[in-house]
1. What about THR38, is it free of Cβ contacts under 8 Å to residues at least 40 places away in the same chain, outside any helix (DSSP H, G or I) and hydroxyl-bearing (Ser, Thr, Tyr)?
2. Out of everything in region 20-45 that is touching a helix residue (DSSP H, G or I) at 6+ places or on another chain (Cβ under 6 Å) and not charged (D, E, K, R), what residue ends up being farthest from ILE107 (Cα to Cα)?
3. For residues in region 53-101 being out of contact with any Lys or Arg (no Cβ under 8 Å at 6 or more places or on another chain), part of a helix (DSSP H, G or I) and β-branched (Val, Ile, Thr), which is surrounded by the fewest Cβ atoms within 10 Å (Cβ to Cβ)?
4. Please verify whether THR32 is modelled with pLDDT under 90, farther than 23 Å from ILE67 by Cβ and either of a type in the set (A, V, I, L, M, F, W, C) or out of contact with any His (no Cβ under 6 Å at 6 or more places or on another chain) (or both), treating the condition exactly as stated.
Amino acid sequence: MMIFKLARPLAWLLLALILFVTVSPIGLRPDTITTVNTDRGGAYVLLGLAFALAYPKQWKLVAVLLIIGAVAIEYLQYLTPTRHPRLHDAGIKAMGAALGLLAGWVINKWRESKAPNSLPFAEG
């Protein structure tokens, strides 16, 4: 499917966008119609899903890196005087990443179950 081929560039693009929005001055933050926590969690759900689909065989490493990365990116806000990192925000981001990764893992397991067996007479 086309979406799975686009997962890697999409995942890295989302990470770059999240990094920019998190570390840039508060005035550059986009206005949305949802709450800030919904924005944070939703962005990381999409990020986790994209990385899980992009790297299905390395999902454990991706999970560790995204959850640690969510905290690290939050604390990069110390470099910007108009931003203030908070552990609560990092927790929302890490939980969003975990939910996205879980959704991606489920999709990958479903894809594996639907894939034809590569060895026609293999016993299983």
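The values are calculated or read from the model by the stated rules, or taken from the named source; none is laboratory data. Quick caveat: nothing in here was measured; it's all calculated off a predicted structure. All Cβ positions, glycine included, derive from the backbone under ideal geometry; neighbour counts span all protein chains shown.
1. Details: free of Cβ contacts under 8 Å to residues at least 40 places away in the same chain: yes; outside any helix (DSSP H, G or I): no; hydroxyl-bearing (Ser, Thr, Tyr): yes.
It is false that THR38 is free of Cβ contacts under 8 Å to residues at least 40 places away in the same chain, outside any helix (DSSP H, G or I) and hydroxyl-bearing (Ser, Thr, Tyr).
2. VAL23
3. Residue satisfying both the conditions and the ranking: VAL64.
4. Values: modelled with pLDDT under 90: yes; farther than 23 Å from ILE67 by Cβ: yes; either of a type in the set (A, V, I, L, M, F, W, C) or out of contact with any His (no Cβ under 6 Å at 6 or more places or on another chain) (or both): yes.
For THR32, the condition - modelled with pLDDT under 90, farther than 23 Å from ILE67 by Cβ and either of a type in the set (A, V, I, L, M, F, W, C) or out of contact with any His (no Cβ under 6 Å at 6 or more places or on another chain) (or both) - is met.
Residues checked against (1) of a type outside the set (Lys, Arg); (2) closer than 16 Å to ARG29 by Cα; (3) at pLDDT below 95:
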{"site": "PRO56", "(1), (2), (3)": "yes, no, yes"}
{"site": "TRP59", "(1), (2), (3)": "yes, no, yes"}
{"site": "THR82", "(1), (2), (3)": "yes, yes, yes"}
{"site": "HIS88", "(1), (2), (3)": "yes, no, yes"}
{"site": "LEU101", "(1), (2), (3)": "yes, no, no"}
